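Participant: So that we are looking at the same thing, I have put the structure below in structure tokens.
The values are calculated or read from the model by the stated rules, or taken from the named source; none is laboratory data. As the structure is a prediction and not an experimental result, all values here were calculated from the model. Cβ coordinates were reconstructed from backbone atoms using ideal geometry, including for glycine residues, and neighbour counts include every protein chain displayed.
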Amino acid sequence: MFKLSKSIGRLPIKCRNEQQGCTATFPLSEQYLHSSTCPFEWLLCPQQGCGTRTLRKEAQAHAQVCSYWKQLCPMGCGTLLNRTTQAEHNCYRELQERYEAQRQTQRTIASALRRKMQRMQSRMANMTQQISLICENLELRENLEEGEEEESPAEGTSTRRSFRDSQRPITCNSSSSSNS
Ligand SMILES: [Zn+2]
Ligand SMILES: [Zn+2]
Ligand SMILES: [Zn+2]
């Protein structure tokens, strides 16, 4: 039995890819070895979605033109490249461009912030001016009102007045003293 299988193994057979053009003959025991390297073996393109069948000897040529060919950038930038983008892809240049774009954005934000701050500062200066104007007006009115009150005969009757007296400038005091 062993002898028989051994002699069957030695039987010369033709390659199963004879129709595709392979003329090789080999012992049956070497069939697997041959078919794994036979240039006339049908192969399916390994690229996902392609589905093209080529002979092994043409697989290389197909890989060069397969439109489904994809590969992550070997530089590790994370870009998925195809035949078209691979030729144009320049990792260093793209990183530089991205960096430049980021810097540009930051510069724009910074200048916008600066403008906003300037606007706020001028608005604040305006407000300060207005407040000081209001203060001046109030003081003026107060002085006028006090001048009117000066005419009332009773002096020192209201605590409010005496409180004001203490805050009033000396010139006003002299007028009040002359009035009494
Ligand atoms: Zn073959
Ligand atoms: Zn393909
Ligand atoms: Zn890259």
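Participant: With the condition kept exactly as written, say whether any residue in segment 34-45 is over 30 Å from residue 22 (Cβ atoms), charged (D, E, K, R) and out of contact with any Asp or Glu (no Cβ under 9 Å at 6 or more places or on another chain).
Facilitator: No, because not a single residue in segment 34-45 is over 30 Å from residue 22 (Cβ atoms), charged (D, E, K, R) and out of contact with any Asp or Glu (no Cβ under 9 Å at 6 or more places or on another chain).
Participant: Would you check which residues across segment 3-28 are in a helix (DSSP H, G or I) and more than 25 Å from residue 58 (Cα to Cα) and list them?
Facilitator: Residues satisfying the conditions are 3, 4, 5, 6, 7, 8, 9, 28.
Participant: Restricting attention to segment 81-97, and to residues there that are closer than 17 Å to residue 65 by Cα and surrounded by fewer than 11 Cβ atoms within 10 Å (Cβ to Cβ), which single residue is farthest from ligand 1 (Cβ to nearest atom)?
Facilitator: Of everything passing the filter in segment 81-97, 88 is farthest from ligand 1 (Cβ to nearest atom).
Participant: Sticking with this one: Residue check, residue 63 against (1) more than 30 Å from the chain's Cα centre (by Cα); (2) modelled with pLDDT of 90 or more, all met but one. Which one?
Facilitator: (2)
Participant: Across segment 10-25, which residue is farthest from the chain's Cα centre (by Cα) among those that are within 9 Å of ligand 1 (Cβ to nearest atom) and exposed (fewer than 14 other Cβ atoms within 10 Å of the Cβ)?
Facilitator: 14
Participant: Same structure again: Specify the residue that is nearest to residue 46 (Cα to Cα); the eligible residues are those in segment 86-95 that are assigned to a helix (DSSP H, G or I) and within 21 Å of the chain's Cα centre (by Cα).
Facilitator: Looking at the filtered set, the residue picked out is 91.
Participant: Based on this model, can you work out whether residue 98 counts as of a type in the set (D, E, K, R) and in a loop (DSSP other than H, G, I, E, B)?
Facilitator: Taking the combined requirement at face value, the residue does not satisfy it.
Participant: Right, another one. With the structure loaded, tell me whether residue 7 is among the small types (Gly, Ala, Ser), free of Cβ contacts under 8 Å to residues at least 60 places away in the same chain, farther than 27 Å from residue 82 by Cα and away from ligand 1 (no atom under 13 Å from the Cβ) or whether it fails that test.
Facilitator: yes
Participant: I would also like to ask the following. Any residue at all in segment 50-71 that is among the β-branched types (Val, Ile, Thr), farther than 30 Å from residue 3 by Cα and within 16 Å of ligand 1 (Cβ to nearest atom)?
Facilitator: yes
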